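Below is one structure, written out as structure tokens; comments come after it.
The values are calculated or read from the model by the stated rules, or taken from the named source; none is laboratory data. Since the model is a prediction, treat every value here as computed from it, not as a measurement. Cβ placement follows ideal geometry from the backbone for every residue including glycine, while neighbour counts extend to all protein chains displayed. Note: accessible area is taken over every heavy atom of the protein model, side chains too, but ligands, DNA and RNA are not part of it. Shrake-Rupley method; radii C 1.70, N 1.55, O 1.52, S 1.80 Å.
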Amino acid sequence: AWFDLDTTQYADGIYTIQFTATDNNGNRDGIGSRFFSIDNSPQQPADYYVSVNGSDVNNGKTENTAFRTINKAFTVVQPGETIRILAGTYSEEVRIENLGSASAPITLMGVSGQTVLDGGGTLALGLWFEYCDNLVFKDMEIRNYTDIGIGVSGCDTVEISNLVVHNNGHAVQL
């Protein structure tokens, strides 16, 4: 098969490409055509939602299709995007490595005064990030973890605002 592709830079939008095959004699009968759409429109950064009533089989893209866990949201979030933790109490350990980009932050934000990460006195780590870049944490309460409420190691550009971190073995480790 031989393809000649046009590498012209086109304006943002959706384009349809048709491929039509022919045999060695120039016949197209019974071979057919295939159509492909390519969308080179600029993509808006996504918000992902986490809810105590969510499910990790959801897509996380709306409050009604929220994930259940913060860990699940971190498997899909990309630089420039936000994880929005809805009001409620969450009991989980979040351990993330090698995430982020200097070009755009990843934001983890709760609902001020209404989003709580609670270790229940049995979980060791609330939020732990290693070798990550450009992270923003805001508007959460982090409590009752036996070791660290929130910690980062080997990370560049970390912004923390409006966090209440208490009753942990070590509240914050930077």
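Structure data summary
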| item | result |
| --- | --- |
| Elements of type strands (runs of 3 or more DSSP E) contained in the stretch 71-113, each with 3 or more residues being out of contact with any Pro (no Cβ under 6 Å at 6 or more places or on another chain) and among the β-branched types (Val, Ile, Thr) | 82-85 |
| Filtered residue count, the stretch 156-168, keeping only those that are of a type outside the set (D, E, K, R) and open to solvent by 50 Å² or more (accessible area, probe 1.4 Å) | 7 |
| Residue under evaluation Ser153, criteria (1) open to solvent by less than 50 Å² (accessible area, probe 1.4 Å); (2) modelled with pLDDT of 95 or more; (3) in contact with a Phe, Trp or Tyr (Cβ under 9 Å, 6 or more places away or on another chain); (4) of a type in the set (S, T, N, Q), criterion not met | (2) |
| Hey, Val136 out of contact with any Asp or Glu (no Cβ under 6 Å at 6 or more places or on another chain) and either in contact (Cβ under 8 Å) with a residue 12 or more places away in the chain or aliphatic (A, V, I, L, M) (or both) or not | no |
| Condition met for Val172 (within 21 Å of Gly54 (Cβ to Cβ) and either open to solvent by 30 Å² or more (accessible area, probe 1.4 Å) or at pLDDT 95 or above (or both)) | no |
| Checklist (1) at pLDDT 70 or above; (2) open to solvent by less than 60 Å² (accessible area, probe 1.4 Å); (3) part of a loop (DSSP other than H, G, I, E, B); (4) under 30 Å from Met109 (Cβ atoms) applied to Tyr48, failing item | (3) |
| Residues (open to solvent by less than 50 Å² (accessible area, probe 1.4 Å) and closer than 24 Å to Gln78 by Cα) located in the stretch 120-137 | Leu125, Gly126, Leu127, Trp128, Phe129, Glu130, Cys132, Asp133, Asn134, Leu135, Val136, Phe137 |
| First in the stretch 142-160 and part of a strand (DSSP E or B), second anywhere and polar (S, T, N, Q) and open to solvent by 50 Å² or more (accessible area, probe 1.4 Å), Cβ under 8 Å, 6 or more apart | Arg143/Asn167; Ile148/Gln173; Ile150/Gln173; Gly151/Gln173; Val152/Gln173; Ser153/Gln173 |
| Evaluation of Met140 against (1) farther than 19 Å from Asn98 by Cβ; (2) surrounded by fewer than 18 Cβ atoms within 10 Å (Cβ to Cβ) (one fails), failing number | (2) |
| Residue tally, condition within 15 Å of the chain's Cα centre (by Cα), surrounded by fewer than 17 Cβ atoms within 10 Å (Cβ to Cβ) and closer than 15 Å to Phe137 by Cβ, over the stretch 81-118 | 1 |
